[in-house]
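Have a look at the structure below before the remarks.
The values are calculated or read from the model by the stated rules, or taken from the named source; none is laboratory data. Worth saying up front: this structure is predicted, and the values here are computed from it rather than measured. Don't worry about glycine lacking a Cβ; one is built from the backbone with ideal geometry, like all the others, and counts go over all protein chains shown.
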Amino acid sequence: MARLRADPITLTAEQQHELEGLVRTHSTPQKLAERARIMLMTGAGMEVRETARRLGGWPKTVRQWCRRWRSAPVQATVAQRLADAPRPGAPATFTPEQVCAIVGLACEKPQASGIPVSQWSQSELAREAVRRGIVASISHSTVGAFLKGR
């Protein structure tokens, strides 16, 4: 049978004040406000299912955030305790410094690099970035994405 009550959450007066501020502030993202409400309700001793019912969510979600709150280091701030966990995925292929260097290269005149055109093409920028050693290899479409700000 599922547990009706999570281990109790203990909130300091400072944490409670900060959580209440997150709930009241209109600019708080809704997911963060919901997590703050979960902590306030469970900190007040409300059962998991009742908290979930009042918030229109799932008991599993309430238990998850209570577990994350309790497992956070003691010195962790409220924002750190309620932050999203890192998402899985491939690491970035290019560093921010490389992206900036390529965008900076696009701001230079091609003639300064000995390229006889009036303006850069994505392919020429990609070749020049490799020639200068900014990156080992890069496609023209990736250069285009950098220039568009993606």
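Below, the figures for the structure above:
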read-out	value
Residues (part of a loop (DSSP other than H, G, I, E, B) and either at pLDDT 95 or above or under 16 Å from LEU11 (Cα atoms) (or both)) located in the range 21-46	ALA44, GLY45, MET46
Matching entry among ARG81, ARG68 (being part of a helix (DSSP H, G or I), within 12 Å of ILE9 (Cα to Cα) and at pLDDT below 95)	ARG68
Given (1) touching a Ser or Thr at 6+ places or on another chain (Cβ under 6 Å); (2) in contact (Cβ under 8 Å) with a residue 24 or more places away in the chain, index of the condition MET41 fails	(2)
Filter pass, GLU20 being out of contact with any Phe, Trp or Tyr (no Cβ under 9 Å at 6 or more places or on another chain), farther than 30 Å from ALA136 by Cβ and of a type in the set (Asp, Glu)	yes
In the range 75-100, the residues that are closer than 19 Å to ALA36 by Cα and surrounded by 10 or more Cβ atoms within 10 Å (Cβ to Cβ)	ALA76, THR77, VAL78, ALA79, GLN80, ARG81, LEU82, ALA83
Filtered residues of the range 60-109 (kept if among the acidic types (Asp, Glu) and closer than 30 Å to GLU124 by Cβ)	GLU97, GLU108
Residue match in the range 50-65 (condition: in contact (Cβ under 8 Å) with a residue 24 or more places away in the chain, basic (Lys, Arg), surrounded by 12 or more Cβ atoms within 10 Å (Cβ to Cβ) and farther than 23 Å from PRO29 by Cβ)	no
